[in-house]
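Peer 1: Sharing a structure here in structure tokens format.
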Amino acid sequence: MEKISVAVRFRPSAAGDAPSDRHWRVQDKSISLVAPGSGVSFAFDHVFDPSYTNAMVYDLLIKSIIQAAVDGFNGTAFAYGQTSSGKTFTMSGSEEEPGIIPLAVEDVFRTTKMTTDREFLIRVSYMEIYNEEINDLLTLGNQKLPIHESLERGFFVAGIREEIVNSAEQVFDLLKHGEANRHFGETNMNARSSRSHTIFRMVIESSKRNPMNLGDVSNTDAIRVSVLNLVDLAGSERIAKTGAGGVRLKEGKHINKSLMILGNVINKLSESGRQMGHIPYRDSKLTRILQPALGGNSKTSIICTVAPEEVHIEETRGTLQFASRAKRITNCAQVNEILTDAALLKRQKLEIEELRRKLQGSHSEILEQVILKQRNDMHKSELEREKLAMELEEERKARETLELCIKEQQKKIENLSSLSISSYNTSIPTQQKVNSTIMFDELSVSRSDVFRTPNFKAMADDFVVKRPSSFRTVDSNLILESFDNTADEDLWMQLNKGCITDLDMLQITPNMKHQSSLEMSLEPSVDEEISSKRHDSSETDCGFKREQLEALREKCTIMERECSLLREEKASLVEALSLSKQDNEHLSAQKEELLKELNTEKHKMKELKEEIRQFSLAFRQREGLLTSIYTKSKAIMESLNASEVSIPEVCDS
Ligand SMILES: Nc1ncnc2c1ncn2[C@@H]1O[C@H](COP(=O)(O)OP(=O)(O)OP(=O)(O)O)[C@@H](O)[C@H]1O
């Protein structure tokens with residue numbers, strides 16, 4: 001796989017100044033528009049300013065393609081650009097400065113002469129696409145030729161004259177002849193404007209000279225056939241600028257249309273992967289002929305010619321965009337070899353053997369082992385995942401139980417708090433309440449304060465109290481788990497040690513030892529002390545449980561993460577497995593096909609052996625017959641020589 005190489009060539013400006021002086025800045029291999037804020041910059045394989053000659057362009061961009069064509073690779077070079085930008089000058093050149101085509105022709109013959117171990121046969125043809133019709137430039141009147149496609153030849157122009165050539169001079173004569181038939185015309189922009197796309201084609205065939213080792217089929221029996229296309233495109237043109245009308249206008253429309261299709265093909269090919277979609281090669285004759293050169297089996301170079309003048313900035317920008325898209329196209333060139341039947345058979349056998357060896361060897365075993373291992377891994381990870389899922393479920397359940405537990409504890413604490421305050425309120429007279437309120441004030445009593453701990457909830461318009469550590473509440477643990485079940489008086493009595501079950505207004509029951517109100521308020525009862533202790537321990541318990549819950553939550557999150565990682569791993573394993581399966585299937589199919597081929601080959605070999613056996617049998621019979629005829633003839637001759645007796649009859653058979 002290799003990218004198309006793309007170069008941009010500036011022709012000298014009409015005013016005679018260099019492009020970099022004015023509108024385009026050329027720096028090494030990049031071109032940018034000088035205009036401030038334009039932001040236009042392009043990079044290519046080469047940028048040739050007007051100081052580069054045709055020979056330099058050839059050496060830097062084309063020479064390698066010509067060498068490759070002699071070695072059996074297809075090659076294409078074409079010039080693209082607006083009208084009058086120097087395409088014909090680049091491709092054909094002048095007497096003083098030959099262009100790419102004559103330089104390439106000379107190079108081909110020079111190289112073939114130097115390649116002494118091969119014999120070459122070179123054919124040339126020269127055609128033009130004029131108004132979307134293909135004309136043969138070497139034979140006048142051979143016009144409107146169709147494009148055909150075949151497995152061996154690919155795309156070819158049917159009926160075109162192909163001349164076998166032995167020297168560069170012979171080709172130059174043909175080119176001269178073809179030039180005379182080519183369509184040129186005068187426009188406002190070019191006195192000799194190409195009105196057609198021209199394709200000069202060389203087909204280079206070669207085979208090994210005097211092969212010494214007839215058993216070696218790797219190269220000796222193969223014939224290399226490569227096609228070299230050197231293309232001078234007609235230039236895109238703005239009718240307003242060229243001033244074309246009548247015939248010129250019709251030509252211009254055809255030229256622009258086919259160049260637009262070429263642009264579309266380049267655009268599509270420059271897109272990557274799936275975006276590429278259908279490539280519209282068939283939309284024009286030009287793209288059909290150039291198909292192998294664009295994204296196919298060919299080494300390709302494009303020279304984009306541009307005019308440096310300000311008036312052509314838009315066209316130049318368009319050409320540079322075309323060029324930078326073309327630079328993204330990848331081709332896949334390979335040596336084109338045609339094998340004789342015998343060589344083909346031998347080579348196929350070798351290939352079959354090689355494939356069979358691969359298949360029977362370690363490859364398929366390794367693949368099977370890999371599949372087995374992947375299956376095991378997947379099974380293991382599935383088990384692990386299930387185990388983790390179960391653990392996760394258990395953790396979740398434990399967390400829910402804990403949360404429930406905490407909620408109940410909170411409820412208990414809340415009730416307990418309200419109980420202690422009511423208990424206090426009911427146990428002291430009003431005056432003392434006032435006093436104690438004052439005392440509470442001192443002990444930081446606040447109205448509708450929002451408690452900082454979540455175990456207490458503020459109620460609207462109610463006193464809430466922050467107790468000092470000396471202040472104790474009633475025994476909260478003695479209160480039932482839930483206040484819903486308050487019907488069981490006895491239980492309540494027992495639990496509250498003499499307190500009645502009116503939760504809104506708890507009163508001291510008669511069994512309780514009556515103390516002075518002040519005492520009650522300031523010196524908390526034993527119950528209250530216990531209650532306070534329990535309350536404290538409950539809060540500690542709650543905190544502990546909360547910590548536990550947090551830890552559980554964390555554990556849960558980790559496990560969930562692990563679970564999702566395992567799930568991902570499983571998915572990738574499943575994918576790998578299916579790929580391996582596909583590979584295996586593919587290999588099995590290949591194996592089957594190969595075995596079939598092998599059987600056919602065996603069968604053929606058997607038949608050949610049989611033929612050889614029969615042939616040698618017949619040969620031996622003939623040999624015997626001939627020997628007997630010879631002996632008889634000899635005897636006759638001898639007898640004739642000895643005496644003039646009559647000639648005995650010789651058996652016909
Ligand atoms: N690099 C160059 N050096 C000197 N002269 C050049 C160069 N490039 C082009 N020219 C001259 O510019 C003129 C137009 O060039 P040419 O005919 O090659 O353009 P073109 O792109 O083939 O145009 P069209 O598309 O109309 O056929 C010619 O006179 C040619 O000699």
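Peer 1: From the residues in region 66-97 that are in a helix (DSSP H, G or I) and within 9 Å of the ligand (Cβ to nearest atom), which one is nearest to Met114 (Cα to Cα)? Talk me through it step by step, then tell me what you get.
Peer 2: Applying the first criterion (in a helix (DSSP H, G or I)) to region 66-97 yields 66-70, 87-91.
Next, from what is left, pick out any that are within 9 Å of the ligand (Cβ to nearest atom): 87-91.
Values: Lys87: 31, Thr88: 30, Phe89: 29, Thr90: 27, Met91: 25 Å.
The selected residue is Met91.
Peer 1: Can you tell me how many residues within region 177-204 are more than 9 Å from the ligand (Cβ to nearest atom) and hydroxyl-bearing (Ser, Thr, Tyr)?
Peer 2: 2
Peer 1: Evaluate the following for Ala244: is it within 16 Å of the ligand (Cβ to nearest atom), at pLDDT below 75 and aliphatic (A, V, I, L, M)?
Peer 2: For Ala244, the condition - within 16 Å of the ligand (Cβ to nearest atom), at pLDDT below 75 and aliphatic (A, V, I, L, M) - is met.
Peer 1: Which one is most open to solvent (accessible area, probe 1.4 Å), of the residues in region 556-567 that are over 11 Å from Arg385 (Cα atoms) and modelled with pLDDT of 80 or more?
Peer 2: Applying the first criterion (over 11 Å from Arg385 (Cα atoms)) to region 556-567 yields 556-558, 561.
Now narrow it down to the ones that are modelled with pLDDT of 80 or more: 557-558, 561.
Values: Thr557: 66, Ile558: 80, Arg561: 146 Å².
Result: Arg561.
Peer 1: For residues that are away from the ligand (no atom under 16 Å from the Cβ) and among the hydrophobic types (A, V, I, L, M, F, W, C), scanning just region 98-116, find the one that is surrounded by the fewest Cβ atoms within 10 Å (Cβ to Cβ).
Peer 2: Here is the first cut: in region 98-116, the residues away from the ligand (no atom under 16 Å from the Cβ) are 104-116.
Among the residues that remain, those that are also among the hydrophobic types (A, V, I, L, M, F, W, C) are: 104-105, 108-109, 114.
Numbers: Ala104: 26, Val105: 27, Val108: 23, Phe109: 20, Met114: 8.
Only one residue fits best here, namely Met114.
Peer 1: Then there is this: Evaluate the following for Ala14: is it aliphatic (A, V, I, L, M), within 16 Å of the ligand (Cβ to nearest atom), at pLDDT below 90 and not in a strand (DSSP E or B)?
Peer 2: Answer is yes for this residue.
Peer 1: If Leu60 passes every condition in (1) within 16 Å of the ligand (Cβ to nearest atom); (2) more than 32 Å from the chain's Cα centre (by Cα) but one, which one does it miss?
Peer 2: With respect to (1) within 16 Å of the ligand (Cβ to nearest atom); (2) more than 32 Å from the chain's Cα centre (by Cα), Leu60 is out only on (2).
Peer 1: Just checking, how many residues over region 28-42 are at pLDDT 85 or above and open to solvent by 40 Å² or more (accessible area, probe 1.4 Å)?
Peer 2: Final tally of qualifying residues: 1.
Peer 1: Just checking, does region 75-92 include any residue being touching a Ser or Thr at 6+ places or on another chain (Cβ under 6 Å), open to solvent by 30 Å² or more (accessible area, probe 1.4 Å) and assigned by TED's automatic domain parsing to the domain that holds Thr319?
Peer 2: Yes.
Peer 1: Shifting gears a bit: I need every pair where a residue in region 68-96 that is free of Cβ contacts under 8 Å to residues at least 40 places away in the same chain has its Cβ under 6 Å from the Cβ of a residue that is open to solvent by less than 10 Å² (accessible area, probe 1.4 Å), sequence separation at least 6 or different chains.
Peer 2: If the second residue must be open to solvent by less than 10 Å² (accessible area, probe 1.4 Å), the pairs left are Gly93/Asn54; Gly93/Gly99.
The values are calculated or read from the model by the stated rules, or taken from the named source; none is laboratory data. Nothing here was measured: the structure is a model prediction, and the numbers come from that model. Glycine also receives a Cβ, built like all others from the backbone with ideal geometry; neighbour counts cover every protein chain displayed. In case anyone asks, the SASA skips ligands and DNA or RNA and just uses the protein heavy atoms, side chains included. Shrake-Rupley method; radii C 1.70, N 1.55, O 1.52, S 1.80 Å.
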